[in-house]
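Reviewing the structure listed below.
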Amino acid sequence: MEGPRVTSQSYWNLGLEKIFRVVPALPEDGRPGPNADTFRLELVICAAIGFFTVLLFLWRSVQCVRSRLYVKREKKLALKLSELIEEKCNLLDKVSLLQKEHEGLQLSFKDANPEKASREVQHLEIIHEMLNRSKSKLEDKILFKETELKEEKSKRSEQDELMGDISKRIKSLEEESKSLISQVAEAKTTLRLFQMNEEDLKVAIKEALNENFQLQESQKHLLQEAEVWKEKVSDLKKQKITFEDSKVQAEQVLSDKENHIKSLTKRLLKMKDQSPVLGEDLTDDGNLELEMKSESEIGAHLGNQPKEALKELVYAAELNASLETLEGERHQIYILLSEVDKTKEDLIKRIKNLQTDQESLQSENTQLENENQRLQQKFKVKMEQHQENAVKLHRKLGVEEKCRLEEEERFSKVDRRINRAAKELQTYRN
């Protein structure tokens, strides 16, 4: 009586543990998450496990009740068998007593009348025959009950074997259900990880796209700046060419003026030979003020000299001043050319830096595109793995459902056999 209660209590506890394990695995609000198919699959799994536990509990309770009925029936049959054995023993005692009485009567009949002895002997023989008949009937009943007990014991042993097989199968199914629950939990965790990875990948892809867009915009801006600097370089080259042309022209003018000055100096030297006063005045041709003084002195002291010599002296002073201005302009042109060269070098360096920046941006862009492709491939592989795991779980659930149906069929067959045995026992009792 205590064994079935313990087994039913243990199975009840196992069913409650399974239910308490399955219920926390459900979402808090009962709504489907990002993937409705996985949520439906989880609901189907939970419903199947709950249905299986309820059926298991009901079957165990029915088995407990039937085992109690079998124990009661066996006790009743044992009591009946003991009563029949007691009756047989009593009858054997009576038979032994009658045999003793018969022997005593035979001894007494030897001394008594033969008629009375024959009557009593006949009466005793009739009683003996009746006792033998009742004894044979009781022996037949005892044999029949013994055969019934043997059949009941064989049926009980078969039922015990079936119960052992069923308990083993139930244990295996419980282990498989535990493994399925663990697999479902693992699938949920992997699905959550896949969802988190998917969100991270989406964020990374968005960031990569934004960076790519920014890099493209910066590349466009750099290209525009490079075009502007190229235009500036071309303008500076044009300015340099114009400055070089003006420099060549100025050098030609200077060379012409120097030649003219040389010719004038030669003339002045000739005039110096003619007049010593002119030679003294021409010694100080370094600055313009002295030349102007020399012109005034020449005008004062040389009133009688020809006018052509004076004109040539004035022209020489003007040429000297123009030469000085040309020298200053040439110096400024050299300064401008050096500045143009410096700006040209700076622009070349800036263009090289822009080209290196453009190459680095292009390499970063290619790296980001490769990273984006790699992340997309990884996401596709993970989604395929998740789909394969879902298909495998669905197949396992189908196999478990088939096994459950087979077990239910076996349970129904066992119930039919038990009902037949109960009906046969009732017919034997009747």
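The values are calculated or read from the model by the stated rules, or taken from the named source; none is laboratory data. The structure displayed is predicted, hence computed values, not measured ones. Cβ sites come from the backbone with ideal geometry, for glycine too, and all protein chains shown count toward neighbours.
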Next item on the list: Output the number of residues of region 135-192 satisfying the condition of being free of Cβ contacts under 8 Å to residues at least 40 places away in the same chain and either surrounded by 16 or more Cβ atoms within 10 Å (Cβ to Cβ) or under 27 Å from residue 417 (Cβ atoms) (or both).
Entry: 17
Notebook entry, point to check: Quick one: residue 254 ticks every box in (1) in a helix (DSSP H, G or I); (2) at pLDDT below 70 bar one, so which box is it?
Noted result: (2)
Next item on the list: Could you list all residues from region 57-85 that are farther than 13 Å from residue 163 by Cα and within 52 Å of the chain's Cα centre (by Cα)?
Entry: 57, 58, 61, 65
Checklist line | Lone qualifier among 225, 207, 244 - being over 30 Å from residue 340 (Cα atoms), part of a helix (DSSP H, G or I) and of a type in the set (Asp, Glu) | finding: 207
Next item on the list: Considering every residue within region 115-127, establish whether at least one is in a helix (DSSP H, G or I), surrounded by 14 or more Cβ atoms within 10 Å (Cβ to Cβ) and at pLDDT 75 or above.
Entry: yes
